[in-house]
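Data block below; observations after.
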Amino acid sequence: MNDPLISIVVPFVNEEKYIADCIASLINQTYQNIEIVLVNDHSTDQSKSICLSINDSRIKYVDKSHIPKGEAFARNFGIEAATGEIITFLDADDTCAPNRVQLQFDKLLKNGINNTICGCWVQKSGLETQLLEVPTENDDIIKGFNRQYKRVTIVGATIMAAKKLFEQVPYRTKFKYYTDWDLLLRMYETKTIRFVNVDTPLYNYIIRRKGTKYQKDWLDFNIFLRDCQFRRRKGEKEYDSPEQMFAGIRQKEILKYLSYRSFQKLIQLKRFLRI
């Protein structure tokens, strides 16, 4: 197979401090047949000027100020604007290794472009330094999709796949957080897609901020998306938000409510004790 055009979608909102480094890590990819789709998600700083100042014919700048702000909207918009038959992503405040696109494409090609999602290992840096070594093969990856805790076996920001897969299962715009995790769960539920990871840290995830609110959001949305998953399996209507879910099950399913709240306390204790 000849080297196909691979589109890298980079949504950004007010990332003037970091976006130049992000773009530089893409321009310097060893795989040259790329399209860098920069999606301006209602930025008010100098991010746009920085993007437009970079002279590379592979850069495609698009502005989504005519539709709502949000990561899911931005990613869907970027996918629609992309002309490559293969799509991957990079957050505007992160960077990636120069051989990232090549190695992920090789893995994708080996496993079947039309029905494979390929991620990679992640190097965390900044406020936290950690090498995230996720499983590499499908059977081990999908085990995480059915666990309540330690579920991350493929990182949403790293994934590469055929454009048509993202068109068939788009990002859902009604959720505020973890739209990538929701996408992966729904792709898994098609039972037609396999998941693989490259066992090399190709994605540099830079942690710049921490806070208890983020941890609470993580717990709430982890439980919420698991509840959505259960309800899809049973053919029941999902709740639209964690707040709506907790209020609803407290009224109608008190045992489930208590179970979810107990799980929250357990995970908070585990994180406090670092176990």
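Structure notes:
- When ASN146, ASN115, ASN111, ASN138 are screened for being under 30 Å from ILE267 (Cα atoms), of a type outside the set (Phe, Trp, Tyr), out of contact with any helix residue (DSSP H, G or I) (no Cβ under 6 Å at 6 or more places or on another chain) and modelled with pLDDT of 95 or more, only ASN138 passes.
- Hey, ASN28 loosely packed, with under 15 Cβ neighbours inside 10 Å and either of a type in the set (A, V, I, L, M, F, W, C) or modelled with pLDDT of 95 or more (or both) or not: yes
- Taking segment 219-247 as the range and being over 16 Å from LYS174 (Cβ atoms) and part of a helix (DSSP H, G or I) as the test, the residues that pass are LEU219, ASN222, ILE223, ARG226, PHE230, ARG233, PHE246, ALA247.
- Subset of segment 200-229 that is of a type in the set (S, T, N, Q) and at pLDDT below 85 - its residue that is farthest from PHE263 (Cα to Cα): THR212
- Qualifying residue in segment 32-51 (condition: in contact (Cβ under 8 Å) with a residue 60 or more places away in the chain, part of a loop (DSSP other than H, G, I, E, B), in contact with a strand residue (DSSP E or B) (Cβ under 7 Å, 6 or more places away or on another chain) and farther than 20 Å from GLY156 by Cβ): no
- Unique residue being over 21 Å from ARG147 (Cβ atoms) and either assigned by TED's automatic domain parsing to the domain that holds GLU128 or not aliphatic (A, V, I, L, M) (or both) when the list is GLN268, GLN244, GLN229, GLN264: GLN244
- Segment 1-31, residues that are of a type in the set (S, T, N, Q) and under 21 Å from the mean Cα position of the chain (by Cα): SER7, ASN14, SER25, GLN29
- Sole exception among (1) farther than 30 Å from GLU85 by Cβ; (2) aliphatic (A, V, I, L, M); (3) under 17 Å from the mean Cα position of the chain (by Cα); (4) at pLDDT 90 or above for LEU131, by number: (3)
- Odd one out for ILE6 among (1) surrounded by fewer than 22 Cβ atoms within 10 Å (Cβ to Cβ); (2) at pLDDT 95 or above; (3) of a type in the set (Val, Ile, Thr): (1)
- Filtered residues of segment 92-120 (kept if buried (at least 19 other Cβ atoms within 10 Å of the Cβ) and either within 14 Å of the chain's Cα centre (by Cα) or farther than 21 Å from GLU137 by Cα (or both)): ALA92, ASP94, THR95, CYS96, ALA97, ILE117, CYS118, GLY119, CYS120
- Some residue of segment 75-87 being touching a helix residue (DSSP H, G or I) at 6+ places or on another chain (Cβ under 9 Å), over 22 Å from LYS164 (Cα atoms) and either among the aliphatic types (A, V, I, L, M) or surrounded by fewer than 18 Cβ atoms within 10 Å (Cβ to Cβ) (or both): no
- Selection within segment 157-174 - within 13 Å of the chain's Cα centre (by Cα) and either without any contact (Cβ under 8 Å) to a residue 40 or more places away in the chain or surrounded by 19 or more Cβ atoms within 10 Å (Cβ to Cβ) (or both): THR158, ILE159, MET160, ALA161, PHE166, TYR171
- Residue under evaluation GLU80, criteria (1) assigned to a helix (DSSP H, G or I); (2) touching a residue at least 24 places away in the same chain (Cβ under 8 Å), criterion not met: (2)
- If you go through segment 178-204 and keep only what is among the aromatic types (Phe, Trp, Tyr) and over 18 Å from ASN114 (Cβ atoms), you end up with TYR178, TRP181, TYR203.
The values are calculated or read from the model by the stated rules, or taken from the named source; none is laboratory data. Fair warning: this is a prediction, and the values are worked out from it, not measured in the lab. Reconstructed Cβ throughout: ideal geometry from the backbone, glycine too, with neighbour counts over all protein chains shown.
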